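Undergrad: For reference, the structure I am asking about is given below.
The values are calculated or read from the model by the stated rules, or taken from the named source; none is laboratory data. None of the values given here were measured: they were computed from a predicted structure. A quick note on method: Cβ atoms are made from the backbone with ideal geometry, for glycine too, and the neighbour counts reach across all protein chains shown.
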Amino acid sequence: MEQLLAMNGDQAIAYAWKQIDPDVVAAYPITPQTIIVEAFSDYVADGQVSTEYVCAESEHSALSLCIGAAAAGARTATATASAGLAYMWEMLYIASSMRLPIVMAVANRALSGPINIHCDHDDSMGGRDAGWIQVYGENAQEAYDNSVMAFRIAEHMDVRLPMMTCLDGFITSHSLENMSLLPDDVVKKFVGEFKAIRPLLDIHNPTSYGPFDAPEFYFEHKFGQIKAMDKVIPVMREVQADFAKISGRSYDIVEPYYVDDADYVVVAAGSTAGTLRAVVDELRADGKKVGSVKMRLFRPFPAGEIAKVLEGKKAVAVMDRAISIGAAGPSFPEVRSALFDVSQRPKVVNYVYGLGGRDVGVDDVKVVFSQLMKGESKVVNYLGVRQ
């Protein structure tokens, strides 16, 4: 029987990890991720898990420890945010190139400078090309559910890639919500035992991790990662279907809301997806043919799914809580590219919003829909910025 509790997103992730009981967790605290490792370290101190917990001296060291532990044959997890994730940059690529299924929670936070501790997606979006699976949660319940599913997805024998479970800093990480938690034994059975592949500690079958790749082999090595990433979407669908059976909560790669008959659609990831649905409900009540799409998976990018739900619309706005300075938001070119070859291609525009934690509410999202319906949107728009 599921347990109903009030938790914030960080606590929810720590609780999922407690139920899974990974072999090694190595981390360094950084706002707004700190609660995750604080809460989990309490579980370790209280003897509720058998995890080897290492409070590292830096985020670079934390991920390096996870890489060593995973290569040795351990189920591993870590958490970070913002500059902490940037400090891991080198090791992000190392982890994915070694095909190590490390799970990392990212409490999304702006990157300096100026120094800012509030939410935007520049940190994880900056690592979008590092070979990690990326899933974005809308609320604390999704932070918990994504954490449970992540180990199954990352560790699947067709995948074996590291995975980020992202949640909006402070908005989700620190907001208290009513949640439904699965029983410990159900989570344990769902996730299953960790199966190590060629562990370093297997002295009877010596192996090497992190060798030098000359031009004769490097491309093929990267191609192996590419082929593994190609298998993520079917694996994720399989895991989500199994999770629905034990929880009653269904998830998809992208989640359309009133899109079938909509002429105008807005796409977003993270907590903003909930605000979008509220606005869609209000505009629908006024007779407007609008819809929204929550993009849960960003890497691998679900181009086929995006094209399927958006083809034939009059106009689409892609909302990015991140900016690639000198270009646009990072989701925008991906969505536009996915729609390039469809026979009924909608107009696609970008709205960069919420940088540094700037609040974006119902009235702001109404502006997006209004400009979209009136044809007033530029190609790239900056929602709420003072000029």
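Undergrad: Provide a single number: the residues in region 273-323 that are hydroxyl-bearing (Ser, Thr, Tyr) and assigned to a helix (DSSP H, G or I).
TA: In the first step, residues of region 273-323 are kept if they are hydroxyl-bearing (Ser, Thr, Tyr); the result is 275, 292.
Now drop any that are not assigned to a helix (DSSP H, G or I), which leaves 275.
Here the count works out to 1.
Undergrad: Let me ask something additional. Anything in region 199-220 that is over 28 Å from the mean Cα position of the chain (by Cα), of a type outside the set (Phe, Trp, Tyr) and in a loop (DSSP other than H, G, I, E, B)? List them, or say none.
TA: Those that are over 28 Å from the mean Cα position of the chain (by Cα), of a type outside the set (Phe, Trp, Tyr) and in a loop (DSSP other than H, G, I, E, B): 200, 201, 202, 203, 204, 205, 206, 207, 208, 211, 213, 214.
Undergrad: Could you please let me know if residue 231 is surrounded by fewer than 14 Cβ atoms within 10 Å (Cβ to Cβ) and at pLDDT 95 or above? It would help to see each step written out before you state the result.
TA: Working: surrounded by fewer than 14 Cβ atoms within 10 Å (Cβ to Cβ): no; at pLDDT 95 or above: yes.
When the stated conditions are applied, residue 231 does not pass them.
Undergrad: Okay, next question. Quick one: is residue 186 surrounded by fewer than 24 Cβ atoms within 10 Å (Cβ to Cβ), among the hydrophobic types (A, V, I, L, M, F, W, C) and not in a loop (DSSP other than H, G, I, E, B)? Even if it seems obvious, please write down each step before you answer.
TA: Details: surrounded by fewer than 24 Cβ atoms within 10 Å (Cβ to Cβ): yes; among the hydrophobic types (A, V, I, L, M, F, W, C): yes; not in a loop (DSSP other than H, G, I, E, B): yes.
The answer is yes for residue 186.
Undergrad: Is it true that some residue in region 344-355 is modelled with pLDDT of 95 or more, exposed (fewer than 14 other Cβ atoms within 10 Å of the Cβ) and out of contact with any helix residue (DSSP H, G or I) (no Cβ under 7 Å at 6 or more places or on another chain)? Explain how you work it out, then say what you get.
TA: Within region 344-355, the first condition is being modelled with pLDDT of 95 or more, and the residues that meet it are 344-355.
Next, from what is left, pick out any that are exposed (fewer than 14 other Cβ atoms within 10 Å of the Cβ): 344.
Still in the running and out of contact with any helix residue (DSSP H, G or I) (no Cβ under 7 Å at 6 or more places or on another chain): 344.
Yes.
Undergrad: Test each condition in (1) free of Cβ contacts under 8 Å to residues at least 60 places away in the same chain; (2) of a type outside the set (A, V, I, L, M); (3) part of a strand (DSSP E or B) for residue 129 and report the one that comes out false.
TA: (3)
Undergrad: Could you tell me which numbered condition residue 159 fails, if it satisfies all but one of (1) over 28 Å from residue 18 (Cβ atoms); (2) in a loop (DSSP other than H, G, I, E, B)?
TA: So residue 159 meets the others, but not (1).
Undergrad: Has region 63-75 got at least one residue that is surrounded by fewer than 22 Cβ atoms within 10 Å (Cβ to Cβ) and either among the charged types (D, E, K, R) or modelled with pLDDT under 95 (or both)?
TA: Within region 63-75 (the criterion being surrounded by fewer than 22 Cβ atoms within 10 Å (Cβ to Cβ) and either among the charged types (D, E, K, R) or modelled with pLDDT under 95 (or both)), the answer is no, since none of the residues qualifies.
Undergrad: What number of residues in region 266-280 are without any contact (Cβ under 8 Å) to a residue 60 or more places away in the chain and in contact with a helix residue (DSSP H, G or I) (Cβ under 6 Å, 6 or more places away or on another chain)?
TA: 1
Undergrad: Return only the number of the condition from (1) over 20 Å from the mean Cα position of the chain (by Cα); (2) surrounded by 16 or more Cβ atoms within 10 Å (Cβ to Cβ); (3) free of Cβ contacts under 8 Å to residues at least 40 places away in the same chain; (4) assigned to a helix (DSSP H, G or I) that residue 337 does not satisfy.
TA: That leaves (2) as the condition not met.
Undergrad: On to the next question. Do you know which residues across region 324-333 are without any contact (Cβ under 8 Å) to a residue 60 or more places away in the chain and either in a strand (DSSP E or B) or surrounded by 20 or more Cβ atoms within 10 Å (Cβ to Cβ) (or both)?
TA: If the condition is that a residue be without any contact (Cβ under 8 Å) to a residue 60 or more places away in the chain and either in a strand (DSSP E or B) or surrounded by 20 or more Cβ atoms within 10 Å (Cβ to Cβ) (or both), then 328, 329, 332 are the ones that fit.
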